[in-house]
Amino acid sequence: MAPSQVIKDLQQALPDSRFVLQGAEDYDDLNKVYQSALNVEIRPSCIFLPKSKEEISAFLKHVGPHALSGEVSLAIYGAGCQPLPGCANVQDGITVNLSFLKGLAIEEGRVSIAAGERWGTVYEELGKKGLGVAGGRSAKSGIGGLALEGGLSFHSSRDGFVCDSVLNYEVVLASGEIVNANGKENADLFRALRGGGNNFGIVTRYDFPTFEQGPMYGGSVYYFAPSFPEQIQHLVDELQKPDASKDTHLMVSTGYAAMFGPQMMCQNQLYHNSPEENPAVLRPFTSVSPQLDQLNSMRVLSLAEAAKEQAGDSPVIQRSAYFNTTLKADASILQEAAEIYTAGLEPIKPCEGLICSLTLQPHARSLLEASAAQGGNSLGLSPADGPLVSVLLLTYWSNQRDDAAVLETMESILGSIKSRAAARDQLVPYTYMNYAFTSQDPIGSYGAENKAELQRVSKRYDPQGLFQKGVPGGFKLFP
Ligand SMILES: Cc1cc2nc3c(=O)[nH]c(=O)nc-3n(C[C@H](O)[C@H](O)[C@H](O)COP(=O)(O)OP(=O)(O)OC[C@H]3O[C@@H](n4cnc5c(N)ncnc54)[C@H](O)[C@@H]3O)c2cc1C
């Protein structure tokens, strides 16, 4: 059956107003909702905007056989913040846009979040009650990408990955059945969802534990490249302490943007979970000198304000791509990675609109211990591996004609960093799914045993492989 006929049938089976077809007045606005222009350029035949889990169930029952036979492809969109091309949009297919699934229920010690919410709203609502949750750092970011792929929060050193905190996933399976996955019900699915991406179903609600959350101290400090090695050393020193702080969020970056001139600039994004101004643990990072004082945003702020600052202003949608790897917390290899990055950027600096950074995000030992204590996930990391540092290559640029140059340069820089780290026994075989590009293999990086378990769970809950064959975007479990 032609995709257009599949869509016509769906319009008969479900309220017609839920379907926005190419050419409709609001189609372009609804397809302009991605963080990266690489995803905006993908044009589905139809955008499906369900208003309930029952509508998603009916949709999957109708469309499943057609997606399995290759007549139409599907994509699942949370809030479109993952730049990976095609992970949440599909050319000529049907994109299931979850933005209308709204609502939060705050109960004793728990918040239940509908799949179309964004972290900013969650923090605003919880903040009114003096509560917080270990979610994404950007107010604009969706719930799904983080709760299903790992997720780094302001509280990761204390609470583990975002997916580790999830208490319950409400999921519409390939069959259309709506199930809960938690520590007791469908426990194998629960564990698989913690890091397994969009491979098992469409999640409609996430339950998280809440905690008391008062004001924090945090923000950004900007400085110059000659101080970066010293900042890397401070980062590693803190991570290697036997009593490294669990209340601290450290993220250090070096990068390039033409507006700052030809030299590399550096940024520390620092948070401490108490209102104490400039606590001792942050001072090595806040006192870096010289710095651009006029850009320093360190202050006492709420969780919602911190997430708002992280989201930044809404820039014109740029082309963007993420690549990543993970290294051991060793100052010398991290410094070498920064040098490889700085030298490797030279050929693409003339590309219009280039803004890029190498961002180091620690996975303290306490993060990995918190993962294990909450039942574990699919990611294949253990406390014995730590402390680790996630190395993210984040790039924005303006023009399609520069795609090949930018992407090849990033591939090459990543390859050099990984081979140097491997040669020095500092490479960790873990790739963070959220920050991975198409050429990377995060699920393979979880290890053979974890991958085999994810495949087993997929066969149990989706025996025909709807979320493998019919939802091609993202990282899949079978070749
Ligand atoms: C400004 C900014 C800040 C960021 N901050 C952080 C951060 O603090 N920590 C961090 O770890 N990462 C961060 N990231 C990366 C972020 O984790 C990803 O962008 C994340 O995937 C966003 O989630 P989303 O729901 O918006 O994703 P989308 O792009 O909509 O989806 C991502 C993937 O998840 C799947 N998916 C989404 N919802 C569902 C669902 N309900 N059911 C099944 N599959 C679903 C999609 O199919 C897709 O494969 C940031 C990105 C940006 C642009």
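The values are calculated or read from the model by the stated rules, or taken from the named source; none is laboratory data. Note that this is a predicted model, so its numbers are computed, not measured. Note: ideal-geometry Cβ built from the backbone for every residue, glycine included; neighbour counts use all protein chains shown.
Scanning the stretch 104-115 for residues that are more than 8 Å from the ligand (Cβ to nearest atom) and of a type in the set (G, A, S) returns A105, G109, S112, A114. Only one of the listed residues (T121, T95) is more than 9 Å from the ligand (Cβ to nearest atom) and either among the hydrophobic types (A, V, I, L, M, F, W, C) or more than 18 Å from the chain's Cα centre (by Cα) (or both). That residue is T95. Do you know which residues across the stretch 149-160 are within 11 Å of the ligand (Cβ to nearest atom) and touching a Lys or Arg at 6+ places or on another chain (Cβ under 8 Å)? Within the stretch 149-160, L152, S153, F154 meet the criteria. Condition first: of a type in the set (K, R), on the phi < 0 side of the Ramachandran plot and more than 22 Å from the chain's Cα centre (by Cα). Can you find one or more residues in the stretch 393-413 that meet it? The answer is yes; a qualifying residue exists. The set of residues from the stretch 169-204 being surrounded by fewer than 20 Cβ atoms within 10 Å (Cβ to Cβ) and out of contact with any Leu (no Cβ under 7 Å at 6 or more places or on another chain) comprises S175, E177, I178, N180, G183, K184, E185, A187, D188. With respect to the conditions (1) closer than 15 Å to A257 by Cα; (2) touching a helix residue (DSSP H, G or I) at 6+ places or on another chain (Cβ under 7 Å), L381 falls short on a single one, namely (1). So is L21 within 21 Å of the chain's Cα centre (by Cα) and at pLDDT 95 or above or not? It is false that L21 is within 21 Å of the chain's Cα centre (by Cα) and at pLDDT 95 or above. Restricting L74, L60 to those that are over 25 Å from the mean Cα position of the chain (by Cα) and within 13 Å of the ligand (Cβ to nearest atom) reduces the list to L60. Pairs please, first residue from the stretch 438-456 and touching a residue at least 40 places away in the same chain (Cβ under 8 Å) and of a type in the set (A, V, I, L, M, F, W, C), second anywhere and assigned to a helix (DSSP H, G or I) and surrounded by fewer than 21 Cβ atoms within 10 Å (Cβ to Cβ), Cβ atoms under 7 Å, 6+ apart in sequence or on different chains. Pairs found: I443/K451. Out of all the residues in the stretch 94-106, is one or more out of contact with any strand residue (DSSP E or B) (no Cβ under 8 Å at 6 or more places or on another chain), of a type in the set (D, E, K, R) and surrounded by fewer than 21 Cβ atoms within 10 Å (Cβ to Cβ)? No. Annotation note: Cβ proximity below 7 Å between a residue of the stretch 6-34 that is touching a residue at least 24 places away in the same chain (Cβ under 8 Å) and a residue that is of a type in the set (D, E) and surrounded by 14 or more Cβ atoms within 10 Å (Cβ to Cβ) (sequence gap 6+ or interchain) occurs for V6/E71; L14/E55; R18/E55.
Taking the criterion of being part of a loop (DSSP other than H, G, I, E, B) and hydrophobic (A, V, I, L, M, F, W, C), would at least one residue in the stretch 50-70 satisfy it? Scanning the stretch 50-70, I find no residue that is part of a loop (DSSP other than H, G, I, E, B) and hydrophobic (A, V, I, L, M, F, W, C), so the answer is no.
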